[in-house]
Structure formats: C-alpha cells, structure tokens
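Just below is one structure, and these are the notes that go with it.
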Amino acid sequence: MMKKKWAHQSNVDFTQDEKSDAMPFSKYIKQQITKWLSIVLPILLGVFLIFYTYEKFTPAQVEEIKSYFKNANYYYIYLAAGIAVLGNASRAYRWKFSLEQMGYKSSFRNNFMAVSIGYLLNLTVPKSGEISRALIVKKYNNIPFDKGFGSIVAERIIDMLILLFFMILAVYLQFDIVKSFILDKIPMVKLVLFLSVGLLLFVLAILLYKYSKAKWILAIKEKISGLEEGVFSILYMEKKWAYCFHTIFIWFTYVLTFYIAIFVFPETSTLSVNAVVTSFVVGSIAIAFTNSGFGSYPFLISKILLFYSISETTGNAFGWIVWTSQMLLVLILGLMSFILLPVLNRKK
C-alpha cells in the first residue's frame, strides 16, 4: 500500500515538474524560426554577394582571379596564420585573469581549446561561440555559466571599444576615402537620425533596467546578477596591466596578420600603413555582416582597395585568400580542440 502511495505521489510530482518546464509550442516554434533565420539569412547574404560579384566579371577576369591563387606567395599566409595562433593563445591566457578575480581557475590549455571551439562555432550560428566557451569551462572547470559568460561579454565590450578606436583612426588618417566609401552612400541626415534613435533607445533601456520595478525586469536582473560580476571583474582585478598588455597584443596580432598578408601579391605589397588600417577596419566590419565574413569579406575588401588603385579582380582574390586562410585555421584548431578537449580532461 505504501509502495502504491509513493508511486502515485512520485508520478504527480514528476508531472508537475514536467509542466513547469514545458515550453508553449508557439514559443518553441518562434525560437526555432529565429534560430534558423540567424543562420540562413547571413549565409544567403554571403551567397548573394558572391553571385553579385562574379556575375559582372568577364570570363577573362575570372581566369585572372584564378591565376592570382596559383601565383600567390603563400609563405606570407603561413606566417600570418602563425601570428594569428599567437593572438588566440594570448586571448586564452588573458581570460585566466578575469576568472581568477572571481575565485575560479581554468587551465591555459582548456581556455585555448574553448576559444578555438568558440571561433569554430561562430562560423555556424552567430555568437554561439561565446556561449560554448562558457559551457566548456563550466563542464571541465566547474565555473558557473553566468560568471564565465559574463567575463566573455566583458571581452566583447572591450573588443568593440578597440574596433571603434580603429574606426576613428581610419577616419582621421583617410577621411576623404572613408567619406567616399561610406558617407557618400548614406545621406548624412539619415545617418544622424539612425545614430540618434539608436542612442535614445540605448539610454531608455538603461533607465528602464535601472529604475523599473516591473516583474519581468526584476526577473532579468536576478538572472544576470552573476553575469554582472563577470563583466565587472575586469574593473577590480589585480592583474589589470597584464590584462591590458594581452588586450593590446591581441589586436596587434590582428593588424599584423592583415599587414603580412598584403605581401601575397606584388600589387598589394605597396599598400601604405594608412591603407592597411582602413582596409583592416572594413574587413573587421565585414565579418559582422555574414557568418564570419562569408562572401562579404572579399566583396568589401575589393571595394575599399579600389580607392588605392588596386583592381577589383586583385582585391577580390586578395580578400578570398585572406579570408579562406583564416577560416581554415579556425577549422583546424576548432576540430583539433573538439577531439582533444575530452581526451585531455579525462579523469584518471
């Protein structure tokens, strides 16, 4: 009799838990649609840009692009790839500082593999790599997800600020070219209006989050309390200068990787430092347009290099070689990390 009663009670509790965890079907469908759109739309945009670019090339120009691939000096690509690995290693090592500030430890080895897997997953679903990094250190180093993810969000905020610095630097160094490339294509009135609306919405969101007593706002605050600790861990860490050094080194490797790559072709090897900075910024923005710059990177690079008397065919070939080499590096490091991560963390 007691067994029957216990079984009945257990069944009721399970059903209640199941109901509480169940997601409405309509919400599930919306989430799936949003997820797939975030994957498919950037890929379609990349395919469109590739089709748009090559449709207007003559057969002779297509053959010219192929010849660039055959005759490129790949020594510089290998050298750039090696420097890119150093940048990844520096990012992995820097991550230790913010985690240690919160009282958690993660080995450099695990951090490096988590960063490599993160870059790989970003090729599929945008921003999924950041989530995967936090999940990896949670699984193998027992670091709470919200704390780990918060430290990664802090990294991204710093990355955006540094990219903004390079954008301002590009405008300062090459104002006429940047103006011709961007501002002449977007009416100033619309640009100012867009920026003003964006700033207003940002301020309203901050005020709403800070002062609103609405239940859903309070629920969000509760969920991201750990996230806040991860974000602000940078402000209070003991090794601030080491963190700053690695941050500067990471971005130095990004720019140096691009600079070394210009020597793959004689036509691009004469680009000035100002041209390199401007092209680097355009390439960095292109990566945000589609999945890690698929289609958009060579398209925008070829357009900006036109201002430096580099033909569109040369610029397009250069963009594809740089982008492809970096993606192959991401693929190799990511797949190796996927294989080695569970093996190297196997409990003895």
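Structure above, values below:
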read-out: Failed item, numbered, when L169 is tested on (1) closer than 24 Å to L344 by Cβ; (2) in contact (Cβ under 8 Å) with a residue 40 or more places away in the chain; (3) surrounded by fewer than 16 Cβ atoms within 10 Å (Cβ to Cβ); (4) not hydroxyl-bearing (S, T, Y); value: (1)
read-out: Residues within the stretch 127-145 that are surrounded by fewer than 19 Cβ atoms within 10 Å (Cβ to Cβ) and more than 22 Å from N291 (Cα to Cα), tallied; value: 7
read-out: Where a residue in the stretch 276-297 is free of Cβ contacts under 8 Å to residues at least 12 places away in the same chain and its partner, wherever it lies, is surrounded by 24 or more Cβ atoms within 10 Å (Cβ to Cβ) and not aromatic (F, W, Y), with Cβ under 6 Å and at least six apart; value: I287/G293
read-out: Filter result for the condition that a residue is farther than 30 Å from Y140 by Cα and in a helix (DSSP H, G or I), over I310, I285; value: I285
read-out: Any hit, the stretch 85-99, residues being more than 23 Å from N142 (Cα to Cα), assigned to a helix (DSSP H, G or I) and of a type in the set (A, V, I, L, M, F, W, C); value: yes
read-out: Residues that are farther than 15 Å from N71 by Cβ and part of a helix (DSSP H, G or I), drawn from the stretch 262-271; value: I262
read-out: Residue check, N274 surrounded by fewer than 21 Cβ atoms within 10 Å (Cβ to Cβ), among the polar types (S, T, N, Q) and assigned to a helix (DSSP H, G or I); value: yes
read-out: Unmet requirement for I152, which otherwise passes all of (1) modelled with pLDDT of 85 or more; (2) out of contact with any Lys or Arg (no Cβ under 6 Å at 6 or more places or on another chain); value: (2)
read-out: Residue satisfying all of: in the stretch 45-61; in a helix (DSSP H, G or I) and surrounded by 13 or more Cβ atoms within 10 Å (Cβ to Cβ); modelled with the highest pLDDT among these; value: Q61
read-out: Test: residue in the stretch 247-257 that is in contact with a Pro (Cβ under 9 Å, 6 or more places away or on another chain), touching a residue at least 60 places away in the same chain (Cβ under 8 Å) and not in a loop (DSSP other than H, G, I, E, B); value: no
read-out: When residues of the stretch 247-264 are limited to those that are closer than 12 Å to F280 by Cβ and of a type in the set (F, W, Y), the one surrounded by the fewest Cβ atoms within 10 Å (Cβ to Cβ); value: F252
read-out: Enumeration of residues in the stretch 142-166 that are touching a residue at least 60 places away in the same chain (Cβ under 8 Å), β-branched (V, I, T) and touching a Leu at 6+ places or on another chain (Cβ under 8 Å); value: V153
read-out: Any chance L333 is farther than 23 Å from K179 by Cβ and either without any contact (Cβ under 8 Å) to a residue 40 or more places away in the chain or over 19 Å from the mean Cα position of the chain (by Cα) (or both); value: no
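The values are calculated or read from the model by the stated rules, or taken from the named source; none is laboratory data. The structure displayed is predicted, hence computed values, not measured ones. As a convention, Cβ positions derive from the backbone with ideal geometry for all residues, glycine included, and neighbour counts pool all protein chains shown.
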